[in-house]
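Reading through the structure tokens given below for one structure.
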Amino acid sequence: MYHGYLNSLASRAGILAVSVDYRLAPEHPIPAAYEDSWMALSWAASGADPWLSEHGDAGRIFLAGDSGGANIVHNMAIMAGTRSTDQDGLPVGAVVERAILLHPMFGGKEPVDGEAADTGYHMEKLWALICPDGDGLGVDDPRLNPMAPGAPSLRALAGRRLLVCSAERDFARARAATYYRAVKGSGWPGMAEWLESPGEEHGFFLLQPERDESSALLDRVAAFLSGE
């Protein structure tokens with residue numbers, strides 16, 4: 001599923017894509033997924049692979065992911081924006097330029113406008129399963145709730161442009177919209193954009209890639225990656 005979608009996106013956007021195979025919870029609880037993703041990002045940016053170094057450009061890194069992967073993208077952008085090179089940051093010359101969050105998964109103890117009554121309950125159960133050692137923060141862990149007390153400032157996000165995509169019937173839409181507004185209001189110097197697919201549900205573009213709305217979303221994401 002992901003391989004085919006990524007191939008289509010890379011072809012349409014004219015980009016070189018590196019797919020990250022991170023360890024999955026609950027067999028490998030949080031922070032395994034974040035650690036693996038940061039290791040992969042650092043490796044891709046380091047020039048360690050000759051072919052990737054020759055054909056890629058570490059000075060123009062784009063991050064993208066969907067659902068839980070979009071949550072990881074946010075966290076990678078925060079890490080890239082807050083870590084210096086001598087503190088396990090990205091190599092000198094590596095620059096995260098853009099980020100795309102497709103149907104991102106976020107949480108929080110306080111409900112947000114438009115969120116279904118049971119969404120918070122289910123997220124609490126899910127987070128307890130995949131992050132059992134969360135220092136008692138629960139769903140207000142900054143990795144899940146970027147607006148939680150003590151979370152890194154959204155002004156620190158790496159990159160100059162951000163695209164947040166959701167869908168009208170996506171159960172995670174309310175949190176995604178809250179995140180988008182928070183970035184816009186944080187003083188982040190980049191340009192943030194919101195894209196909503198009418199009438200669609202969470203992850204529809206992967207489940208039914210042949211549909212017109214899926215193709216339209218792919219076109220917009222490809223255009224964003226191409227510099228439009």
Filter region 12-32 for residues that are under 18 Å from A99 (Cα atoms) and not in a loop (DSSP other than H, G, I, E, B) and give the result.
R12, A13
When both residues are 6+ apart or on different chains and their Cβ atoms are under 8 Å apart, which pairs have a first residue that lies in region 55-75 and is within 15 Å of G203 (Cβ to Cβ), and a second that is surrounded by 21 or more Cβ atoms within 10 Å (Cβ to Cβ) and of a type in the set (K, R)?
N71/R143
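What residue, among those in region 55-88 that are among the polar types (S, T, N, Q) and over 20 Å from D21 (Cβ atoms), is surrounded by the most Cβ atoms within 10 Å (Cβ to Cβ)?
Our first condition is that a residue be among the polar types (S, T, N, Q); within region 55-88, this holds for 67, 71, 75, 82, 84-85, 87.
Still in the running and over 20 Å from D21 (Cβ atoms): 82, 84-85, 87.
Values: T82: 14, S84: 8, T85: 11, Q87: 7.
Here the residue is T82.
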Does region 169-192 include one or more residues that are free of Cβ contacts under 8 Å to residues at least 60 places away in the same chain and among the acidic types (D, E)?
no
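Only residues that are aliphatic (A, V, I, L, M) and within 13 Å of the chain's Cα centre (by Cα): list them for region 159-192, please. Give the steps one after another, and end with the answer.
Looking only at region 159-192, we keep the residues that are aliphatic (A, V, I, L, M), and these are 162-164, 167, 172, 174, 176-177, 182-183, 191-192.
Passing the criteria: L162, L163, V164, A176.
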Can you find even one residue in region 31-54 that is farther than 25 Å from D219 by Cα, buried (at least 17 other Cβ atoms within 10 Å of the Cβ) and free of Cβ contacts under 8 Å to residues at least 24 places away in the same chain?
yes
For the list (1) at pLDDT 95 or above; (2) surrounded by fewer than 23 Cβ atoms within 10 Å (Cβ to Cβ), I need the number of the one condition that G134 fails.
(1)
Taking R220 as the residue in question, decide whether it is among the basic types (K, R), in contact (Cβ under 8 Å) with a residue 24 or more places away in the chain and surrounded by 20 or more Cβ atoms within 10 Å (Cβ to Cβ).
no
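Results for (1) touching a His at 6+ places or on another chain (Cβ under 9 Å); (2) closer than 26 Å to S226 by Cβ; (3) not aliphatic (A, V, I, L, M), shown as yes or no for each residue.
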site	(1), (2), (3)
I15	no, yes, no
S46	no, yes, yes
L52	no, yes, no
A64	no, yes, no
G69	no, yes, yes
A77	no, yes, no
S84	no, no, yes
V95	no, yes, no
Exactly one of these conditions fails for F106: (1) under 30 Å from S53 (Cβ atoms); (2) touching a Ser or Thr at 6+ places or on another chain (Cβ under 8 Å). Give me its number.
(1)
Near pairs, Cβ below 6 angstrom, 6+ apart or cross-chain, from region 131-159 (of a type in the set (D, E, K, R)) to any residue that is buried (at least 19 other Cβ atoms within 10 Å of the Cβ) and not in a loop (DSSP other than H, G, I, E, B)
R143/N75
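Which ranges mark the helices (runs of 4 or more DSSP H) fully within region 169-228 that have 1 or more residues being more than 18 Å from G68 (Cβ to Cβ)?
The qualifying helices (runs of 4 or more DSSP H) are 173-185, 212-226.
Residue under question is H122, and the condition is that it be part of a loop (DSSP other than H, G, I, E, B) and at pLDDT 95 or above; does it hold? Please lay out each step first, then the result.
On the way: part of a loop (DSSP other than H, G, I, E, B): no; at pLDDT 95 or above: yes.
Against the criterion (part of a loop (DSSP other than H, G, I, E, B) and at pLDDT 95 or above), H122 does not qualify.
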State whether one or more residues within region 82-103 are of a type in the set (G, A, S), part of a strand (DSSP E or B) and either modelled with pLDDT of 95 or more or within 24 Å of D219 (Cβ to Cβ) (or both).
yes
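If you go through region 114-123 one residue at a time, do you hit one that is of a type outside the set (S, T, Y) and touching a residue at least 60 places away in the same chain (Cβ under 8 Å)?
Yes.
The values are calculated or read from the model by the stated rules, or taken from the named source; none is laboratory data. Everything quoted here is computed from the prediction, not taken from an experiment. Using ideal geometry, Cβ is built from the backbone for each residue, glycine included, and neighbour counts are taken over all protein chains shown.
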